[in-house]
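Visitor: I have a structure here, written as structure tokens, and I will follow up with some questions on it.
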Amino acid sequence: MLDTRSQSKKPPGENIMKLARIAAPLALFCALGVEPAFAVCNISDAKLEEAVLKSPELRKPENRYLVRDLRTLRDAAFVLWTYGLHDDCERVLANIRQLIAAPSMAKLGGNDEDLADEQLAAGEPQQHQGGEVQGNRDAPDARPLINLDDLGPGLRVDEIVGSEVRSSDDKIVGEVRNVVIGTKDRWDYAVVASGGFFIAGKDSIVVPLRYLQVNEERNSFYLRISSADVKAVPLMPDQEYLWLADEAWRAKNDAIFQKLIPDSVR
């Protein structure tokens, strides 16, 4: 009887070469940071905005903070996705779906106020006191500031939001957190988180855009008032932007800038 085992048995060297041919592409695949995953985290699958639109419970006033937090989680999922962390993105989406399905779960969170304050404080960027960050307006090659009305081409909103804001004496005032345009009296505003750069923004001032200037690099905005005069500007009265409908408050706020800024530079 013919023994076929000797015919099917390959030399050890040939088996090693075959394994090497398989392992090499896999090693390169992993080295490049590419995950052999077939499912990509799809944020649109969560259908958060559709749920907010259709769910009477999510539209209740007492759940507006839950909706805000769900949108924050969605933004976090997007950040994870952009860095290729698809598994973590999927886990966040699973949490979003869970909270959409049972909004009452939001009430089951921790109620330790001291711990909550500690957790929030950990998320607060470290504050620079006004002027601690060195400005560059005294540099020999510093170019003149540009009025926003004189810009060409214009600025996009995403070029404004997040940018630092300085006083006329080059001291840090804060950063732009939001932009409001299209009021019926044609006053447009930048909401500036006051107290330092990268501050969370619960203390903000409302600056008419017409009183802002920008440097040539378009990465720093400047008020036309000094750091001392900034202290006379009232803080934004609410985080829900109800002040937009408060014409008396806006008139008082706008008048401060009109008083502090000479007519010759308006």
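The values are calculated or read from the model by the stated rules, or taken from the named source; none is laboratory data. What you are looking at is a predicted structure, and each value in this text was computed from that prediction instead of being measured. A quick note on method: Cβ atoms are made from the backbone with ideal geometry, for glycine too, and the neighbour counts reach across all protein chains shown. These accessible areas exclude ligands, DNA and RNA; they are computed on the full protein's heavy atoms, side chains included. Shrake-Rupley method; radii C 1.70, N 1.55, O 1.52, S 1.80 Å.
Visitor: Which value, in nm² and rounded to one decimal, describes the direction-averaged projected area of the C-alpha convex hull of the stretch 141-260?
Guide: Approximately 7.4 nm², given one-decimal rounding.
Visitor: Beyond 26 Å between alpha-carbons counts as too far, so tell me which of LYS60/LYS252; LYS184/LYS231; LYS47/LYS184; LYS60/LYS184; LYS184/LYS259 fall in that bin.
Guide: Exceeds cut-off: LYS60/LYS252; LYS184/LYS231; LYS47/LYS184; LYS60/LYS184.
Visitor: Report the accessible area of GLU62, computed with a 1.4 Å probe over the heavy atoms of all protein chains in place, in Å² rounded to the nearest 10.
Guide: It works out to around 120 Å².
Visitor: Quick check: pseudo-label points 7 Å beyond the Cα along Cα→Cβ at GLU57 and ASP238, how many nm apart are they?
Guide: 2.8
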